[in-house]
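So the structure is just underneath, and the comments pick up after that.
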Amino acid sequence: MSHYKPYPAYKDSGVEWIGLVPEHWKVAQIKRISALNPKKSTLSKEKDSLCTFLPMEKLRTNAITLDETRPIHEVYDGYSYFCDDDILIAKVTPCFENGNIAVANGLVNGIGFGSTEINVLRVNGKGHNRFLYYRLQEEQFRTIAKSEMRGTGGLKRVPTELFESFTFGLPDTDEQVTIAATLDRETARIDALVEKKTRFIELLKEKRQALITHAVTKGLDRNAKMKDSGIEWIGQVPEEWLNRKVFHAFQAIGSGTTPPAKEHEWYQGGTIPWITTSELRENTVVKTKKCVTSDAMQKFSALKIFPAGSLAIAMYGATIGRLGFLGIPATTNQACCVLSGERDLNIQFLYYWLMAFRADIVAFFSEGGGQPNINQEVIASLRVPSPAPDEQATIVATLDRETARIDALISKAEQSITLLKERRAAFITAAVTGQIDLRGKQ
C-alpha cells in the first residue's frame with residue numbers, strides 16, 4: 001500500500017471522529033445515497049413467480065448462496081425484500097461481527113426475500129453500490145456499530161437508524177466507481193491468496209491425518225507382512241501386531257460428574273481442576289476454566305482425581321471424539337472418559353490411533369438418534385492392533401516429529417492468512433476514508 005499517495009489537499013470534515021477528508025469530498029449520511037429496506041411498491045403480493053430465498057446462514061462476506069427459491073406470495077410478508085445490486089448486511093450478533101455483507105447478484109427473476117435480521121440498502125443516483133459495500137466494511141463504522149448494538153445475550157442488533165444516520169466522507173459518483181473498482185481488483189487478489197493458503201492448510205491436514213493412520217495401522221517397516229486385523233474399518237495390519245483391548249491395557253478407566261452450578265459451595269474457592277469436553281482440543285490441558293472444592297469431591301463419589309499424563313476422550317454431543325492429555329492432576333465432568341496407568345499399550349500410541357479412527361468409532365458405536373454419543377464401555381471394549389511396546393514408542397516418536405513439522409507449516413500459513421486479512425482491511429479503510437488517492441489507478 002506504500003506506493004499509493006495521499007490526496008493533494010485535505011480539509012476538516014467538521015466531525016471529530018472523522019477528522020480530515022480530501023478537500024473536494026463532501027460529508028454526508030448514508031441515507032443521502034441509499035434507501036434502507038426499500039418498500040415492495042412494485043411487487044404484487046399475489047405473484048406466483050419465483051424469487052430467491054436467503055436464510056441468514058447463507059449470507060457471508062462477499063458471498064451469497066443462491067440455492068433456495070420460493071413463490072413470491074409465500075414470502076411477501078414477514079421477510080426482508082431485496083433486488084439485484086442491493087447491499088445486504090447482517091444486523092444481528094454474531095453475524096454482523098463476522099462481516100456478513102454482500103451485494104446481491106444473480107437472484108431468480110432479480111428478486112429476493114430473506115431473514116429479517118438482514119438490512120437492505122439500495123443506492124440512488126448519488127451513490128455506487130460497491131463503494132458503499134466497502135464503506136460498510138471499514139473498521140471505524142464496524143467499531144461504532146458494535147458499540148451501539150442493543151439487546152441481550154446472543155441477540156444484540158445494530159440499531160436500524162445507524163444504517164441511515166452514519167456520517168462519512170463522500171466523493172462524487174465517478175470517484176466512488178474508481179475506488180470500488182480498485183478495491184474489487186486488489187481484494188480479489190488478496191482473497192485468491194487467502195484461498196490458496198487455506199487450501200494448502202487443508203492439504204497439510206489431510207497429509208497429517210494420512211500419516212497418522214498409516215503409522216498406527218502399517219507401522220514403519222515397509223516390508224512387513226500383513227494380516228487381516230479382524231476389524232472391518234481398520235483392514236490389514238502387520239502380522240506380528242496383537243489386538244490389545246483397552247480395558248486390559250490400562251489400570252484405570254473412569255469419568256466424572258457435574259456438581260450443580262447453582263450451589264456455589266462446589267465451585268467457589270475450589271482448587272481442584274475440573275475438565276469439560278470443551279477443553280479437549282488435541283492438546284495438553286494445563287489450566288481449566290473451573291475448579292471444584294474438596295467438599296465437592298467428598299459429596300460426589302463420581303468425582304475422581306486422575307493423574308497427569310492421563311488421556312481424556314469426549315463421549316457426548318458436538319465435542320464427541322475430542323482428545324486431550326492431562327498436564328495436571330484433575331477431575332472431569334461426566335462427558336469425559338479418562339484412561340490412566342498404561343500397561344502394554346502406549347497411551348500416546350492410543351492417542352494417535354484414536355485420532356485416526358475416532359470418526360469410524362463414533363459411526364460404528366454411537367447411540368441415540370440425536371447428537372452422537374459413545375460411552376465408557378465402548379471405549380473399554382475397543383481392540384487396538386498394535387506392535388510390541390518398543391515399536392509403539394518408536395512410532396510415537398516418529399509421529400511426534402512429523403506432525404510437529406506439519407503443524408509448524410500450518411501455523412505459518414495461518415499467520416500469513418491473518419496478515420493478508422489485516423492488509424485487506426487496512427487497504428479498504430485507507431481507500432474509503434480518503435487516506436490514499438486511487439484516481440487514475442484503474
Check your understanding: Of the cross-linked pairs LYS262/LYS304; LYS207/LYS412; LYS47/LYS91, which ones have a Cα-Cα span greater than 18 Å in the structure shown?
Key -> LYS262/LYS304; LYS47/LYS91
Review point. Compactness ratio of segment 347-442: Cα Rg over 2.2 N^0.38 Å, N = residue count?
Key: 1.94
Review point. At q = 0.14, 0.16, 0.21, 0.28 Å⁻¹, what log₁₀ I(q)/I(0) does a Debye calculation on the Cα points of segment 314-356 give, no solvent, two decimals?
Key: -0.36, -0.47, -0.79, -1.20
**Study point:** Tail weight of P(r) past 11 Å, computed on alpha-carbon pairs of segment 11-51, percent
**Key:** 76
Point to revise | Set of aspartates and glutamates near LYS11 by C-alpha distance (under 20 Å), chain-local residues within fewer than 8 positions excluded | key: GLU23, ASP172, GLU175, ASP437
Practice item. Specify the inter-centroid distance of segment 134-212 and segment 315-379, based on alpha-carbon positions, in whole Å. Key: 38
Check your understanding: Mind checking the alpha-carbon convex hull of segment 200-271 and giving the volume per residue in Å³?
Key -> 231
Study note, to complete from the structure: What one gets for segment 83-134 as the Kirkwood radius, inverse of mean 1/r over different Cα pairs in Å, is 11.5
**Study point:** Along each principal axis, Cα extent of segment 260-322, largest first, Å
**Key:** 31, 25, 20
Check your understanding: Across the chain, how large is the tail of the calculated P(r) beyond 36 Å, expressed as a percent of all Cα pairs?
Key -> 50
Review point. Helix 139-148: angle to the longest alpha-carbon principal axis of the chain, degrees 0 to 90, nearest 10?
Key: 80
**Study point:** Alpha-carbon Rg with Dmax, taken over segment 235-345, Å
**Key:** 15.5, 56
Practice item. Please report LEU350, LEU242 as a ranked list, fewest other C-beta atoms within 10 angstrom at the top and most at the bottom. Key: LEU242, LEU350
Point to revise | 12 Å cut-off, amide nitrogen to a point 7 angstrom out along ILE406 Cα→Cβ, residues in segment 189-215 | key: 201-215
Revision key, fill the gap. Segment 288-329 scanned against label point 7 Å out from THR271 along Cα→C-beta; backbone N under 13 Å for 292-295
**Study point:** Residue order, fewest to most surrounding Cβ atoms within 10 angstrom, among TYR4, TYR133, TYR316
**Key:** TYR4, TYR316, TYR133
Check your understanding: Taking 0.36 nm per intervening residue step and subtracting the Cα-Cα distance, what contour gain separates ASN98 from GLU68 on full extension?
Key -> 8.5 nm
Study note, to complete from the structure: Longest principal axis of the chain (C-alpha) makes with the long axis of helix 389-432 (C-alpha) an angle, in degrees to the nearest 10, of 10
Review point. For segment 43-106, treating each Cα as an identical point scatterer without solvent, what Debye log10 I(q)/I(0) comes out at q = 0.17 1/Å?
Key: -0.60
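Read-outs throughout are calculated quantities, based only on the coordinates presented, and are distinct from any laboratory measurement. Please read all numbers here as calculations on a predicted model, not as lab measurements. As a convention, Cβ positions derive from the backbone with ideal geometry for all residues, glycine included, and neighbour counts pool all protein chains shown.
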